[in-house]
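Heads up, the thing below is written out as C-alpha cells.
The values are calculated or read from the model by the stated rules, or taken from the named source; none is laboratory data. Because the structure is a prediction, the values reported are computed rather than measured. Here the Cβ positions follow ideal geometry from the backbone for every residue, glycine too, while neighbour counts run over all protein chains shown.
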Amino acid sequence: MIEQSAAAFSHGDYILLAYVVTFGILGALAAQSFCAWRRARRQDRASAPAGGDAA
Amino acid sequence: MIRRFANPARFLSLSRWVVPVCAVLTVVTLGLGLWLALVASPPDYQQKETVRIMYVHVPAAWMALFIYTSMAAAAVTGFVWKHVVAELYAKAAAPVGAAFTLVCLLTGALWGQPMWGTWWAWDARMTSVLVLFFLYLGYIVLVDAFDDPQRGLTAGAVLLIVGVVNIPVIKFSVDWWNTLHQPASITRLDAPAIDASMLWPLLCMAAAFKFLFVTLAFVRLETEILRRRMAVRQQQLAGGA
C-alpha cells in the first residue's frame, strides 16, 4: 500500500512533505516553548515577594 | 567564564537581549535560506529537484549531533563545577535536539524513497542516528522520572556522558562501514565536494537552524530557571507557614 502511494508521488511532493514536516515540527516546538516561557514569566511575577528575592 | 554564568540572575539578564537578537537573526537567515534552497539553487544533475530536501536534512543532522555534544559537555560541567545553569541547559536543550533528530530521520526517509527506492535501511549511519533519537527520548523521560529534580538531572547527566560514544559512531559510520548512506560532502579535511550554488543555501539554512536553536535553548532555559525560582519561593512559604 505504501509502495503504491510512494510510486504516485512526484519529486515535488517529496520536497513539499519534507519542508512541511520540518517546519511543522520546529514550529510546534517553538510555539510550545514560547507559550511555556510566557506562562512561567507571568507566574513568576505573580509569585514574586514585594521586596524582591535572590534568584 | 564558566563560573560567571553559574548565577541564574546573570543568565536571565543575558537572556533578555540574546532571545530577541537571535529570533530576528533566525527569521532573516531562514528567509534567505529558503529563497536560496527553493528558488535560487539549481537542481542536481543526478538527484534533480529532490536535492532541495538536503537543505533541511543535512543542517538538521548537524544540529542533532551538535546539541547532544553540547548537552554532554554541560553534563560534565554540572558534575565537575556543580553548575546549576549547565545542568538545566541540558534539560532545556533536549527537546530541541530530539526535534532536530526527528526532522533528520523523517526528511532522510522522504529523500531516500525517490533516490534509493526505500524509506529506510538498517545501515550504520541511519541506525546510529535512530539510537541518538532514542537517547534524547530516554534523557527527557529520565530527568522527570524522580521526585527529587536534582536526582533526575544527575541520572540524566550520566546517560548523556555514556551516550556520547554514539557521536563519533554517527560521524565516522560512513567511513568505518560500507553503508547505503553517502560519505561526508562538507565536513571533510580537504575542500567540500559540493558546488558553491548548493553550498550557500546549505550554510544559510545551517545558520538559521543554529540561531533557532540558540533562541529556543535560551527561552526554555529561562523557563526552567523561573520554575525553579517559583518552587524555591513555595518551599520558603511552606517553611514559614
Criterion violated by B:Asp195 - all others in (1) closer than 29 Å to B:Ser41 by Cβ; (2) of a type in the set (Asp, Glu); (3) in contact with a helix residue (DSSP H, G or I) (Cβ under 8 Å, 6 or more places away or on another chain) satisfied: (3)
State all residues of the stretch B:207-224 that are farther than 17 Å from B:Val24 by Cα and more than 7 Å from chain A (Cβ to nearest Cβ); if no residue qualifies, say none. B:Leu221, B:Glu224
Would you pick out the residues in the stretch B:40-71 that are within 12 Å of another protein chain (Cβ to nearest Cβ), part of a helix (DSSP H, G or I) and polar (S, T, N, Q)? B:Thr50
Given the structure, is B:Val21 more than 12 Å from chain A (Cβ to nearest Cβ) and at pLDDT 90 or above? yes
Can you give me the number of residues within the stretch B:93-137 that are over 22 Å from B:Val162 (Cα atoms) and more than 8 Å from chain A (Cβ to nearest Cβ)? 13
What about A:Leu26, is it at pLDDT 80 or above, more than 9 Å from chain B (Cβ to nearest Cβ), closer than 29 Å to B:Ala23 by Cα and surrounded by 12 or more Cβ atoms within 10 Å (Cβ to Cβ)? no
Search the stretch B:39-68 for residues that are free of Cβ contacts under 8 Å to residues at least 24 places away in the same chain and pair each with any residue that is surrounded by fewer than 24 Cβ atoms within 10 Å (Cβ to Cβ) and of a type in the set (Asp, Glu) when their beta-carbon atoms are under 7 Å apart and the residues are at least 6 apart or on different chains. B:Pro43/B:Glu49
